[in-house]
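The values are calculated or read from the model by the stated rules, or taken from the named source; none is laboratory data. As the structure is a prediction and not an experimental result, all values here were calculated from the model. Quick reminder, even Gly has a Cβ in these numbers, built from the backbone with ideal geometry, and neighbours come from all protein chains shown.
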Amino acid sequence: MGRWEAKLRLSEGTLLVKNREVVVPGQALAKGKFKPGKDVYVDNSGVLRAKKLGLADIKDNTISVVPLSGVYIPKEGDIVIGIISKISGSTIIVDIRSPYQGAIPIPRGRAVERVDMSKYDLHLGDVILAKVKTFDGSSSLLLTIDMEGLGKLEGGFILEVEPAKVPRVIGKRQSMLSILREKTKSEIIVGNNGRIWVRSPSLKELLALKKALRKIETESHVSGLSDRISSFLSEELSD
């Protein structure tokens with residue numbers, strides 16, 4: 001009997017969602033002897049339902065919802081900036097600023113012949129650029145670094161924006177990103193998870209870029225934002 005099935009039998013109730021599954025307001029989560037946790041209510045018929053859009057969090061016989069506001073939910077094909085949080089056996093665990101941790105299997109056996117093994121010489125705290133290879137929507141999240149341009153990011157600094165604002169940071173045909181790079185003379189890589197890797201020529205450019213990113217976040221709804229950011233950076237970086 002698996003852990004999930006054991007919990008289900010122990011509760012003498014019915015669990016209607018999986019742990020870490022995305023749920024919407026009003027969605028039925030469970031019924032029976034489960035207890036409502038944060039952002040979960042019980043309706044008149046005794047069914048536990050979600051109050052908010054979020055992730056179902058099941059611990060023992062208690063069900064809570066972790067709100068998704070400002071949280072990055074991975075999609076297959078996303079490019080993310082991750083930080084190595086654990087190396088366990090043949091698996092590298094990666095923090096991708098999400099409720100879900102990424103996993104990179106270290107090649108073994110004949111697979112070693114087909115990859116650049118130097119990419120897997122990683123340590124705790126290293127920053128990497130990776131691609132979401134597979135994600136089942138609940139727990140299994142596999143990353144890959146076996147592509148050109150992916151792997152360890154040397155030096156630089158990490159800045160962050162709300163994941164929902166990433167399209168505005170990049171802009172149409174990378175128009176905003178081009179402005180940020182040209183004005184600050186910086187190397188900039190933007191991950192879909194809202195992490196931004198930056199290597200600037202000096203602290204002055206880095207701080208100006210950080211302010212520009214905050215401005216993009218707060219004024220993302222304003223028309224003509226690209227021109228505003230360009231002017232802002234020109235003023236910030238003027239001698």
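Here is a list: LYS75, LYS86. Which entry is under 11 Å from VAL132 (Cβ atoms) and surrounded by fewer than 15 Cβ atoms within 10 Å (Cβ to Cβ)? Walk me through how you get there before you give the answer.
On the way: LYS86 fails: under 11 Å from VAL132 (Cβ atoms).
Unique residue meeting the criteria: LYS75.
Give me the pairs: first residue in the range 213-229 and of a type in the set (Ser, Thr, Tyr), second residue part of a loop (DSSP other than H, G, I, E, B), beta-carbon distance under 7 Å, and six or more apart or on different chains, which are they?
From the range 213-229, the pairs are SER226/GLY171.
Identify all residues within the range 36-93 that are without any contact (Cβ under 8 Å) to a residue 24 or more places away in the chain and over 20 Å from ARG20 (Cα atoms); write none if there are none.
Of everything in the range 36-93, those that are without any contact (Cβ under 8 Å) to a residue 24 or more places away in the chain and over 20 Å from ARG20 (Cα atoms) turn out to be ASP43, ASN44, SER45, GLY46, SER88, GLY89, SER90, THR91.
Tell me which residues, restricted to the range 24-56, are over 18 Å from the mean Cα position of the chain (by Cα), in a strand (DSSP E or B) and either surrounded by 17 or more Cβ atoms within 10 Å (Cβ to Cβ) or among the β-branched types (Val, Ile, Thr) (or both). Please lay out each step first, then the result.
The first filter runs over the range 24-56 and keeps only residues over 18 Å from the mean Cα position of the chain (by Cα), leaving 24-52.
If we keep only those that are in a strand (DSSP E or B) as well, we get 28-31, 35-36, 40-42, 47-50.
Correct list: LEU29, ALA30, LYS31, PRO36, VAL40, VAL42, VAL47, LEU48, ARG49, ALA50.
Let's see how each residue does on (1) at pLDDT 95 or above; (2) among the acidic types (Asp, Glu); (3) in a loop (DSSP other than H, G, I, E, B); (4) on the phi > 0 side of the Ramachandran plot:
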| site | (1), (2), (3), (4) |
| --- | --- |
| PRO99 | no, no, yes, no |
| PRO107 | no, no, yes, no |
| VAL112 | no, no, no, no |
| SER118 | no, no, no, no |
| LEU122 | no, no, yes, no |
| ASP146 | no, yes, yes, no |
| ILE158 | yes, no, no, no |
| ALA164 | no, no, no, no |
| ARG168 | no, no, no, no |
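On the given criteria, is PHE135 aromatic (Phe, Trp, Tyr) and either closer than 16 Å to PRO105 by Cα or exposed (fewer than 11 other Cβ atoms within 10 Å of the Cβ) (or both)?
Numbers: aromatic (Phe, Trp, Tyr): yes; either closer than 16 Å to PRO105 by Cα or exposed (fewer than 11 other Cβ atoms within 10 Å of the Cβ) (or both): yes.
Judged against the criteria, PHE135 is a match.
Exactly one condition in (1) surrounded by fewer than 19 Cβ atoms within 10 Å (Cβ to Cβ); (2) within 14 Å of the chain's Cα centre (by Cα) is false for THR62; which is it?
Unmet condition: (2).
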